[in-house]
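Visitor: Could you have a look at this structure, given as structure tokens, before my questions?
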Amino acid sequence: MKPLRPGPQLGVAVSGGGDSVALMLLVSLWRDWLGQKDQPVPDVTVLTVDHGLRREAAQEARQVGRWARALGFSHKTLKWVPAEKPSANIQQAARDARYSLLTGWAGAREADLLVAHHLDDQAETFLIRLQRGSGVDGLAAMTPVSVKAGVRVLRPLLTVPQARLRATLRVHQQKWVEDPSNEDARFLRVQVRKALPLLDELGLTRDRLVETALRMTRARAALDDMCDQVERAAVCWCEEGFARVALRPLREVPDEIALRLLARILKGVTGSVYAPRLQGLEALLTAVRTGSLQGGRTLGGAKWSAAGKWPGVNSGDEMVVLREGAGLPAEPLTLKPGGQAVWDGRFRVMRPKKLVAGEVRALGADGLKLAVSLARENPQAYGCDLPHQVPRPVLHALPAYWREGGLRAQPHLGFFAPECGGVFEARFIGGRPRGDG
């Protein structure tokens, strides 16, 4: 744990399966060791996501809660309640929902998130991504520390085989839950798991696959360093949550660096954890280099277009990348007094304790009109300063604070209702500031 530099607040993701229960047990032993050494002991909460996809899920979450409390941890069940459950690619949708709920909880408390990925997961993930035609990034090994939606995700078990985790559970007489989906051959990960013994006969052992993934990680680090340099020269991240990109550097660098930068811009603007398929990025790069962006393109939840498309925005030799409105969160976000959370994967929103109860959702075209109208009718009570050279769709996609159907605050516009006192905050976390810093 020491190299991961865990913070004082930790959330441990525990589904009830053997891997995550082993992580919970080991965190308990580590916490006890810290106490014996008179070192600071973190505040640990065990988190279980109930996807509602199996009848037994709620009961299993309660069982995890009992195990967690027996180890001296508090426990929280996070429920996935989408408007409509997916009918296809269920595992991916559930995984996305799981990380959204877990990072949402952790982000609101400035906590680190611990997950139980282990050595066997590294090999399985490598093969799955190879089957999907992934490039260097996809084939690189998972890292002990990563960041999702502004939350540090820690993986302390990446060098530990699954068999050792199960042996540890048996030694400590700790039970766990077997998820039947882990044996369902309809899922690609299960198919890959069953194929691994056959690959052993060809010399493609688990350790050889992981070794290759680690080499890909070294290659990714070198490419990321080159991409950082181009980003500093080409990308201006704007506090309203969009990017302005100089096109000349994209035309001059190798394809791999340009594609990597486009993926980075997309994830920053949309708040997405994942980049789109490589074919989409390659088509976008072709459009950038041939100057055929005038009409605009949509990719991965972002709108890409020449800067001259937007009135008031200087054109020059650059493009504007902004959040597509269709992908904005449909459900409002409720903040507790003094609470904070990540909205749309792009903005960290904070509600001070003195701010009246309400919810966070997109400003939208109607909200923007309302803010302008109220400021004109009563400039002493309301302010509204529209940012220059910001496309209107960017303003529509900003987070705003609403109460009882009325707009109460939007800090980027300087708009605050009298009772808000200018205290609702929304900070863009998706991109990086331009410059050497």
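The values are calculated or read from the model by the stated rules, or taken from the named source; none is laboratory data. Predicted model, so just to flag it, every value in this text is computed and none were measured. We place every Cβ from the backbone using ideal geometry, glycine too, and count neighbours over all the protein chains shown.
Visitor: Determine whether region 173-180 contains at least one residue that is at pLDDT 95 or above and part of a helix (DSSP H, G or I).
Guide: No, the conditions are met nowhere in region 173-180.
Visitor: So which strands (runs of 3 or more DSSP E) stay within region 1-106 end to end and still have 1 or more residues that are within 26 Å of the chain's Cα centre (by Cα) and more than 23 Å from H118 (Cα to Cα)? Even if it seems obvious, please write down each step before you answer.
Guide: Working: elements: 9-13, 43-50, 74-79.
Output list reads 43-50, 74-79.
Visitor: Has region 119-126 got any residue that is closer than 22 Å to G11 by Cα, of a type in the set (F, W, Y), surrounded by 19 or more Cβ atoms within 10 Å (Cβ to Cβ) and in the same structural domain as K79 (by TED's automatic domain parsing)?
Guide: no
Visitor: While we're on this one: Is it true that V27 is touching a helix residue (DSSP H, G or I) at 6+ places or on another chain (Cβ under 6 Å) and either assigned by TED's automatic domain parsing to the domain that holds A149 or closer than 16 Å to R155 by Cα (or both)? Steps first, please.
Guide: On the way: touching a helix residue (DSSP H, G or I) at 6+ places or on another chain (Cβ under 6 Å): no; either assigned by TED's automatic domain parsing to the domain that holds A149 or closer than 16 Å to R155 by Cα (or both): yes.
Answer is no for this residue.
Visitor: For residues that are at pLDDT below 90 and surrounded by 21 or more Cβ atoms within 10 Å (Cβ to Cβ), tally how many sit in region 346-372.
Guide: Summing the residues that are at pLDDT below 90 and surrounded by 21 or more Cβ atoms within 10 Å (Cβ to Cβ) in region 346-372 gives 3.
Visitor: Condition test on R248, is it basic (K, R), in contact with an Asp or Glu (Cβ under 9 Å, 6 or more places away or on another chain) and under 30 Å from A400 (Cα atoms)? Explain how you work it out, then say what you get.
Guide: Working: basic (K, R): yes; in contact with an Asp or Glu (Cβ under 9 Å, 6 or more places away or on another chain): yes; under 30 Å from A400 (Cα atoms): no.
For R248, the condition - basic (K, R), in contact with an Asp or Glu (Cβ under 9 Å, 6 or more places away or on another chain) and under 30 Å from A400 (Cα atoms) - is not met.
Visitor: Could you grab me the full set of residues in region 381-424 that are surrounded by fewer than 16 Cβ atoms within 10 Å (Cβ to Cβ) and at pLDDT 90 or above?
Guide: Answer for region 381-424, where residues must be surrounded by fewer than 16 Cβ atoms within 10 Å (Cβ to Cβ) and at pLDDT 90 or above: just R392.
Visitor: Would you point out which residue out of G72, G65 is among the small types (G, A, S) and over 17 Å from G17 (Cβ atoms)?
Guide: Details: G65 fails: over 17 Å from G17 (Cβ atoms).
Result: G72 is the single residue among G72, G65 that is among the small types (G, A, S) and over 17 Å from G17 (Cβ atoms).
Visitor: In region 134-151, what residues are part of a helix (DSSP H, G or I) and of a type outside the set (A, V, I, L, M)? So that I can check it myself, show each step before the final result.
Guide: Residues of region 134-151 part of a helix (DSSP H, G or I): 136-139.
Correct list: D137, G138.
Visitor: Report whether or not Q173 is of a type outside the set (S, T, Y), out of contact with any Lys or Arg (no Cβ under 7 Å at 6 or more places or on another chain) and surrounded by fewer than 17 Cβ atoms within 10 Å (Cβ to Cβ). Spell out how you get there, then give the answer.
Guide: Working: of a type outside the set (S, T, Y): yes; out of contact with any Lys or Arg (no Cβ under 7 Å at 6 or more places or on another chain): yes; surrounded by fewer than 17 Cβ atoms within 10 Å (Cβ to Cβ): yes.
Considered against the rule, which asks whether it is of a type outside the set (S, T, Y), out of contact with any Lys or Arg (no Cβ under 7 Å at 6 or more places or on another chain) and surrounded by fewer than 17 Cβ atoms within 10 Å (Cβ to Cβ), Q173 comes out as yes.
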